[in-house]
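Asker: Below you will find the structure I want to go over with you.
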Amino acid sequence: MTDKTQNAMWGGRFATGPDAIMEAINASIGFDRRMAAQDIAGSRAHAAMLAAQGIITDKDAEAIGKGLLTILSEIENGNFAFSTALEDIHMNVEARLKELIGEPAGRLHTGRSRNDQVAVDFRLWVRDRCDEAVAKLSALCLALVGQAEVGADWVMPGFTHMQVAQPVTWGHHMLAYVEMFGRDAGRFRDARTRLNESPLGAAALAGTSFPIDRHMTARALGFDRPSANSLDAVSDRDFALEFLAAASISAMHLSRLAEELVIWSTAQFRFVALSDRFSTGSSIMPQKKNPDAAELIRAKVGRIMGANAGLMMVMKGLPLTYSKDMQEDKEQVFDAADNLMLALAAMEGMIRDLSANRANLEAAAASGFSTATDLADWLVRTLGLPFREAHHVTGALVALAERRGCDLPDLTLADMQSAHAGITEDVYTVLGVHNSVASRQSYGGTAPNQVRAQIALWKEKLK
Ligand code: ARG
């Protein structure tokens, strides 16, 4: 007894088609259609290899290859009828191929399974996103380097504990993020290198009895080599997890920069002005200019790290090899990738358009006794005090200035000498913020010439 709703791929063993709920929970075509181009590339490589190995005829391979290209253009032009009954992208493409070319379509699946097929499709998709992330991170780094160049010697307060610590340069602060996003790009490159092995030809799990050439398909798809163990090939999703881990760290970095932009653009700070193009207004308060893009970027880390944790939970405890659980890998990765790319693009635009307020940065740099460390260092260098004692003397002077309601450079020489008799006029040369940053000459320090040297290195690297 047969049923017309029976699955065309495995109907032979089944008496009836699936329950509607079964179909709903099982189908992945709603999302895995995003891998159509990768699926077709994988099938084309497989068909060409089957012909080269004499497993199918050249004529059949040619019909398959042509049919697949027709399907690709149907999908790209939006005139492909995706069917939930056909479950996933693999079966949708194969069924359409059968409509187009007839019998030879049935030979495409020789020596292959949906298990290696989905593994190759997903790898190719994630590989593209690794490349895209690297490109977007480079563009963001260039925007930050541009900001660093404009204000290589602009002084601003450097913070620890969100309290004014020491004066730093705007350029140095921008380059700190370039270091972070540069490492992120490195993580995506590393992930890509490890990812770049072809699972195609692992078949269901054990390999195949057909004389396939896995090296040929690996080469055709831009992989460095075929994966060495067929069981691992169909059950491994490390590449997706590595992508999500790299994406999580990058999103965390983005959230830190976003948070600084939110703080810096407040009326209390006024360190930066965001452009109108990257701000929103309020429906009730006419004066408002809100940093919505920065806030949304700050929040994106939630779903991206959520995807990372989510896929870890899916993979945890799965026995070898393929289990349908693994179909739950894709939506999280798609969503995380979409949101990371959007956040990177938005951050790049915001940074490019950003105008830092030099005067406000400089005024803030001088507040909060930011050159107290310079004073202590002067006591060590000039009077030979042990640093601990210099720290104590300086602390007394900060307390005195605080009582007077003034800054350190406003104290008189007599005030200074009340804390240590040896202090001379010369001390005032180190109390200015420009002197302070210029003196931070240690490698990686905030001195403008150090910053300019780093800018030159980054421009070379980002070329
Ligand atoms: N849609 C499936 C997935 O995303 C494809 C692989 C199906 N394999 C299987 N043996 N049912 O994982």
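Asker: For Phe159, all conditions in the list (1) within 31 Å of the chain's Cα centre (by Cα); (2) within 16 Å of the ligand (Cβ to nearest atom) hold save one; what is the number of the exception?
Answerer: Going through the list (1) within 31 Å of the chain's Cα centre (by Cα); (2) within 16 Å of the ligand (Cβ to nearest atom), Phe159 breaks only (2).
Asker: Of the residues Arg127, Arg96, which single one is away from the ligand (no atom under 14 Å from the Cβ), part of a helix (DSSP H, G or I) and closer than 22 Å to Ala337 by Cβ?
Answerer: Values: Arg96 fails: closer than 22 Å to Ala337 by Cβ.
After ruling out the rest, the residue left standing is Arg127.
Residue-wise test of (1) surrounded by fewer than 17 Cβ atoms within 10 Å (Cβ to Cβ); (2) β-branched (Val, Ile, Thr).
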| residue | (1), (2) |
| --- | --- |
| Leu379 | no, no |
| Thr394 | no, yes |
| Asp407 | no, no |
| Thr429 | yes, yes |
| Gln450 | no, no |
| Glu460 | yes, no |
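Asker: Restricting to segment 149-176, what's the tally of residues that are buried (at least 22 other Cβ atoms within 10 Å of the Cβ), in a helix (DSSP H, G or I) and either in contact (Cβ under 8 Å) with a residue 40 or more places away in the chain or of a type outside the set (A, V, I, L, M) (or both)?
Answerer: Qualifying residue count for the region: 5.
Asker: Pick from Gly65, Gly106: which is of a type outside the set (Asp, Glu), touching an Asp or Glu at 6+ places or on another chain (Cβ under 9 Å), more than 16 Å from the ligand (Cβ to nearest atom) and without any contact (Cβ under 8 Å) to a residue 60 or more places away in the chain?
Answerer: On the way: Gly65 fails: touching an Asp or Glu at 6+ places or on another chain (Cβ under 9 Å).
Answer to the check: Gly106.
Asker: Those residues that are among the acidic types (Asp, Glu) and surrounded by 15 or more Cβ atoms within 10 Å (Cβ to Cβ), I need them from segment 180-216; list them, please. Write out each step before concluding.
Answerer: Within segment 180-216, the first condition is being among the acidic types (Asp, Glu), and the residues that meet it are 184, 190, 197, 213.
Selection gives Asp184, Glu197, Asp213.
Asker: Just one of the numbered conditions (1) over 30 Å from Val178 (Cβ atoms); (2) touching a residue at least 12 places away in the same chain (Cβ under 8 Å) is not true of Gly405; which one?
Answerer: All conditions are met except number (2).
Asker: Could you check Phe122 against (1) within 30 Å of Arg44 (Cα to Cα); (2) more than 16 Å from the ligand (Cβ to nearest atom); (3) assigned to a helix (DSSP H, G or I) and say which number it fails?
Answerer: Failing condition for Phe122: (2).
Asker: For Phe31, are the conditions met, namely being of a type in the set (A, V, I, L, M, F, W, C), within 16 Å of the ligand (Cβ to nearest atom) and more than 30 Å from Asp232 (Cα to Cα)?
Answerer: no
Asker: I need a count of the residues in segment 94-148 that are among the β-branched types (Val, Ile, Thr), surrounded by fewer than 22 Cβ atoms within 10 Å (Cβ to Cβ) and out of contact with any Phe, Trp or Tyr (no Cβ under 8 Å at 6 or more places or on another chain).
Answerer: 1
Values in this text are rule-based calculations from the coordinates and carry no lab data. Please read these numbers as outputs of a predicted model, since none were measured by experiment. Ideal geometry is used to build each Cβ from the backbone, glycine not excepted, and the neighbour counts take in all protein chains shown.
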